[in-house]
Structure formats: structure tokens, C-alpha cells
Amino acid sequence: MAGGDVTGGDVTGAATTSVDAGSRATGRVVGSWRAAWLRVEAHWTWYRRYWRSSLYSSGLQPVLFLAAMGLGFGSQVEAGPATGGLAYVQYVAPALLVAGAVQNAIAESSYPVLSGFKWQQDYHAVTATPVTAGQLLGGQVIWIALRVAIASVVYTIVALLFGAWRNAGALLVIPVGVLAAVACGTAIMAVAATTYNEGERFAAIFRFLVMPMILFSGTFFPIEQIPAAVRWLAWISPVWHGTELARGVTLGGLGIWPALGHLAFLGALLGVSAVLARRYFYRRLVV
């Protein structure tokens with residue numbers, strides 16, 4: 001009887017051990033940052049296949065615009081008070097980096113993000129895993145920042161050949177452009193998360209918001225030349241704040257308090273946009 005109890009106990013223990021070994025999880029839930037970087041890795045895997053097709057829009061287009069405006073049209077603009085006594089190509093180069101970065105970020109945050117919700121629906125597949133909607137959003141923001149940074153580095157190097165930079169402050173223009181771009185891009189992601197049609201609103205955003213914001217935010221001429229009655233529109237433009245910072249770090253003439261004010265504006269825009277985008281991502285992806 002005792003021997004039977006021992007045998008039964010051995011069998012039960014072995015069975016329990018077998019069940020425990022068989023039911024042991026083979027994977028693990030990753031942390032928030034790792035989950036966001038998994039999304040970045042997915043973007044990078046795809047981007048390696050089509051980066052040549054995006055080379056013009058992301059890197060070469062701002063350079064060609066710099067050549068046209070800075071060297072072509074700029075050759076007819078004499079250095080004077082409007083340009084701070086500088087050659088026009090040096091005056092416009094930092095602003096074009098910011099403008100190009102913002103345009104790239106908005107383009108990446110509009111239809112591609114809507115596609116993740118509506119057409120390809122890969123966002124639904126991602127959030128069916130342990131990756132949350134917030135982590136998905138974080139990965140999207142990081143990816144856009146990396147795309148913009150790469151394009152900005154290419155632009156900075158080529159603009160150097162044009163004599164567009166006066167000093168090493170040009171290196172600081174890159175993070176300024178990335179900050180302005182991510183702030184605008186995150187806001188557009190919030191819009192994309194609330195878009196359920198075919199994205200017609202993006203055409204209106206590009207036409208009536210982005211282009212006027214680029215043209216009348218001090219990119220090509222000082223905003224003091226804009227009529228005083230509508231000058232406040234430039235003051236609320238993230239492109240103007242980014243342009244002022246970019247010119248300040250490479251051309252000088254920007255005080256510490258104005259610089260902090262421009263940073264505060266862009267930081268506030270990024271913070272509010274991130275909160276709204278996160279809310280709308282969860283609302284659309286979490287059932």
C-alpha cells in the first residue's frame with residue numbers, strides 16, 4: 001500500500017512536471033520602447049526596398065529648390081537688411097531645410113497612416129499582438145523622425161557644396177527641422193486617425209494649410225513684409241518658429257528668450273498633438 005502511494009506520487013509528479021514544461025510560454029511581452037522599435041524595424045524592412053523611389057521627394061527636391069531659389073533667383077537678390085547682409089542662398093538654406101522637413105513629415109503622416117487604418121489595415125494586425133495602440137503611434141513618430149533626419153542630413157551635405165552654410169551651426173539646423181517636422185506630423189496623425197473617408201481632407205490641408213504655411217512663414221522673405229493685419233498667421237505657424245530657430249543657430253541674431261519661446265511653441269504643439277493622436281489611435285483600434 002505504501003509502495004503504491006509512492007508510485008502514484010511519482011506518476012503524478014512526472015505528469016505535473018510534463019504539463020508545466022509543455023505549458024511554459026516560449027515568448028515574452030516586450031517593453032514599450034522595444035515595441036515601438038519593432039514598428040520602426042518593420043518600416044525599415046520595407047523602406048530598404050523602395051528608398052530609391054522616395055529619394056527625389058525626401059532628399060533631392062529640397063536641394064533642387066535651394067538651387068533654383070538660392071542660386072537662380074537668389075543671384076538677383078542683393079545682400080541687404082532683408083537678408084541680414086547675407087547672400088540669399090545663406091539666408092534661405094536653413095528655412096528650406098525646415099520647410100522640406102515639415103512637408104515630408106506631413107506627407108508621411110497623412111495617407112500612409114490612413115492606409116494603416118483603412119486600406120492595408122496593418123494597424124489592426126499590429127494591435128492584435130501585445131503591441132498597444134500607443135506603442136504603435138510611438139513607433140510611427142520615431143520612424144518619421146528618422147526619415148526626416150536622413151533627408152535633412154543629405155540636404156545639409158549638398159547645401160554645403162553650394163556655400164549655403166556659414167559655420168558649424170548648420171549641424172544644429174537638423175534637430176530643429178526634425179522637431180518642427182515631428183510636431184506637425186503628429187498633428188496630422190491625429191487627423192488621419194479621425195478620417196474615415198478616402199482622405200479628401202488631406203488635399204485641402206496640403207493646398208490651404210501646408211503651402212501657405214511654407215510661403216508666408218518667413219521662408220523666402222521676412223514676415224515684416226507681410227501686412228500687419230494678417231501677420232499673426234505667421235506667428236502661429238510652426239514653420240515660422242522652426243525657421244527662426246534654424247536661422248538663429250546658423251546665422252546668429254536670435255536671443256535666448258525668443259529661442260526658448262520658439263522651442264516652447266513647438267514643444268507644446270508636439271505634446272498636445274501626441275495626446276490627441278494617442279487618444280484617437282486607441283479609440284479607433286481598441287474595440
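What follows draws every value from the coordinates through simple rules; no lab data is involved. Owing to the predicted nature of the structure, the values given are computational and were not obtained by experimental measurement. With ideal geometry, Cβ positions are generated from the backbone for all residues, glycine too; neighbour counts draw on all protein chains shown.
Whole-Hz Karplus ³J(HN,Hα) for the range 236-253, in order, using 6.51 cos²θ - 1.76 cosθ + 1.60 and θ = phi - 60°, x for Gly and Pro?
9, 8, x, 5, 5, 5, x, 5, 4, 5, 5, 5, x, 6, 10, 10, x, x
Divide, for the range 54-285, the radius of gyration over alpha carbons by 2.2 N^0.38 Å, where N is the residue count.
Dividing the Cα radius of gyration by 2.2 N^0.38 Å gives 1.04.
Take L254 and L171, extend 7 Å from each Cα along the Cα→Cβ direction, and tell me the distance between the two endpoints in nm.
1.8
Would you report the distance distribution of C-alpha pairs in the range 112-195 as whole percents per 5 angstrom bin, up to the bin with the largest distance?
With a bin width of 5 Å, the distribution comes to 3, 13, 19, 18, 14, 10, 8, 7, 5, 2, 0.
List the residues of the range 251-268 whose backbone N lies under 19 Å from a point placed 7 Å from the Cα of R201 along the Cα-to-Cβ direction.
Backbone N within reach: none found.
What ³J(HN,Hα) values, in whole Hz, does the Karplus curve 6.51 cos²θ - 1.76 cosθ + 1.60 give for the range 260-274 when θ = phi - 60°, with x put for Gly and Pro?
5, x, 5, 4, 5, 4, 5, x, 5, 4, 5, x, 5, 5, 5
For R49, put the label point 7 Å out on the Cα→Cβ axis and report which residues of the range 109-131 keep their amide N under 18 Å from it.
Only 112-113, 115-116, 119-123, 125-126 fall inside the zone, counting backbone N under 18 Å.
What are the GluC sites (Glu not before Pro) within the range 181-227 that DSSP puts in a loop, where the Cβ has at most 12 other Cβ atoms within 10 Å?
Sites meeting the loop and neighbour criteria: E198.
Taking the chain as a Gaussian network, Cα atoms linked when under 10 Å apart, which of T186, T250, T129 shows the biggest mean-square fluctuation?
T129
Fewest Cβ neighbours within 10 Å first, please rank Y50, Y88 accordingly.
Y50, Y88
Rounded, prolate or oblate: which one fits the range 170-232, using the alpha carbon gyration tensor with axes a ≥ b ≥ c (rounded when a/c is under 1.5, else prolate when a/b beats b/c, else oblate)?
Cα axes put the range 170-232 in the oblate bin.
Residue separation times 0.36 nm, minus the C-alpha to C-alpha distance between V154 and A228: what's the value?
Length gained, V154 through A228: 23.0 nm.
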